[in-house]
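A.B. asks: First, the structure itself, so that you have it in front of you.
The values are calculated or read from the model by the stated rules, or taken from the named source; none is laboratory data. Not measured: the values here are computed from a predicted model. In this analysis, Cβ positions are derived from the backbone assuming ideal geometry, glycine residues included, and neighbour counts consider all displayed protein chains. We work out accessible area using only protein heavy atoms, side chains counted, and drop any ligands, DNA or RNA first. Shrake-Rupley method; radii C 1.70, N 1.55, O 1.52, S 1.80 Å.
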Amino acid sequence: MESAEIYSEQTGLCPCGSGLPYEACCEPLINGTGNAATPEELMRSRYCAYVLQNIPYLARTLHPSQRNDYDEDGAARWSRESQWLGLEIISASGASPGDQTGTVEFKVHYIRDGMTLVHHELSEFRRSDGTWYFYDGKLVGAPQIRRATPKVGRNDPCPCGSGRKYKKCCGVGS
């Protein structure tokens, strides 16, 4: 993951990684002159708010039913104490005009306390009165490994077909 260009007077690029100028991308959403048309647009603008330490925007774009649990101090600390490297959108839904819910799976790459970290989340968004809001997020962990075939016991016949017990054939040393 390449380092994201943080908005500056020199680059003018939006921190969300769209490649667009900030003023044509997330700035209208963050300053309140525009609304996100999709959950992905809202996700990108919320990432920008973290990069730019605009904590009031994060609160404003949180679904009203979820605001009681919002940890503003925690969000401000994460925003302030992280060096933001980039946003990677993995998948998104809810882009059709009639959709009332949507999801965005994403990874945020950042450095905190000298360690390079990845925050991988599946976020849920809900539309209320025509406006998209962040509703909830769940961390995405490493996928659980599942066997395609049953486990072979030490005393079971060896799957290679030799007729010997697994422990005396292919399982030697296991």
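A.B. asks: What's the long-distance tail for the range 47-141, i.e. % of Cα pairs beyond 19 Å? Could you put the intermediate results ahead of the total?
C.D. replies: Working: 2031 of 4465 pairs.
The answer is 45 percent, as a whole percent.
A.B. asks: Lysines near Lys138 by alpha-carbon distance under 22 Å, same-chain residues fewer than 8 away left out - which ones?
C.D. replies: Lys138 reaches Lys107.
A.B. asks: Please compute the modelled spin-label separation between Asn31 and Ser162, points set 7 Å along Cα→Cβ, answer in nm with one decimal.
C.D. replies: Placing both labels 7 Å beyond Cα along the Cβ direction yields 7.5 nm.
A.B. asks: Quick one: compute the contact order of the range 1-151, relative version, from alpha carbon pairs under 8 angstrom and 6+ residues apart, as a percent. Could the numbers behind the result be given before it?
C.D. replies: Numbers: 260 pairs, mean separation 29.8, N = 151.
RCO, the range 1-151: 20 percent.
A.B. asks: Just to be sure I understand the model, the point goes 7 Å from the Cα along the line to the Cβ. What's the resulting Ala95 to Ser65 distance in nm?
C.D. replies: 2.7
A.B. asks: Another question about this same structure. Taking the Cα atoms only, what angle lies between the long axis of helix 72-81 and the longest principal axis of the chain, rounded to 10 degrees?
C.D. replies: With both axes taken from Cα atoms, the answer is about 80 degrees.
A.B. asks: Using a 1.4 Å probe and ignoring any ligands, DNA or RNA, find the accessible area of Glu23 and quote it in Å² to the nearest 10.
C.D. replies: Surface open to solvent at Glu23 totals about 100 Å².
A.B. asks: In a shell of Cβ-Cβ distance under 12 Å around Pro159, excluding Pro159 itself, what net charge do Lys and Arg (+1) and Asp and Glu (-1) give?
C.D. replies: +2
A.B. asks: Right, next: For a quick check: with amide H placed at 1.01 Å from N, whose amide H comes under 5 Å from Trp132's, ignoring anything fewer than 5 positions away on the same chain?
C.D. replies: Answer set, sorted by chain and number: Ala36.
A.B. asks: Please report the spacing between the Cα centers of the range 151-172 and the range 14-39 in Å, no decimals.
C.D. replies: Between the Cα centres of the range 151-172 and the range 14-39 lies a distance of 61 Å.
A.B. asks: Further question: Tabulate in residue order the Karplus-calculated ³J(HN,Hα) for the range 13-29, using 6.51 cos²θ - 1.76 cosθ + 1.60 with θ = phi - 60°, rounded to whole Hz; enter x for Gly and Pro.
C.D. replies: 6, 5, x, 6, x, 5, x, 8, x, 3, 5, 9, 10, 8, 4, x, 6
A.B. asks: Tell me, in nm to one decimal, what length is gained between Arg112 and Asp73 on full extension, where the rule is 0.36 nm per residue of separation less the Cα-Cα distance?
C.D. replies: Details: separation 39, 0.36 × 39 = 14.04 nm, distance 1.65 nm.
Separation in residues times 0.36 nm, less the Cα-Cα distance, equals 12.4 nm.
A.B. asks: Next up: Quick one: grab the alpha carbon gyration tensor of the range 99-167, order the square roots of its eigenvalues as a ≥ b ≥ c, and give me rounded if a/c is under 1.5, else prolate or oblate depending on whether a/b is larger than b/c. Present the calculation step by step, with values, prior to reporting the outcome.
C.D. replies: Working: a/c = 6.50, a/b = 2.34, b/c = 2.78.
Since a/c reaches 1.5 but b/c is at least a/b, the shape of the range 99-167 is classed as oblate.
A.B. asks: So if the hydrodynamic radius of the range 41-86 is defined as the Kirkwood radius over C-alpha pairs, what does Stokes-Einstein give as its diffusion coefficient at 20 °C and 1.002 mPa s, in µm² per second? Working shown, then result.
C.D. replies: Details: Rh = 10.9 Å.
So the translational diffusion coefficient is about 197 µm²/s.
A.B. asks: How about Lys151: which lysines have a C-alpha closer than 30 Å to its C-alpha, ignoring those fewer than 8 places off in the same chain?
C.D. replies: Lys165, Lys167, Lys168
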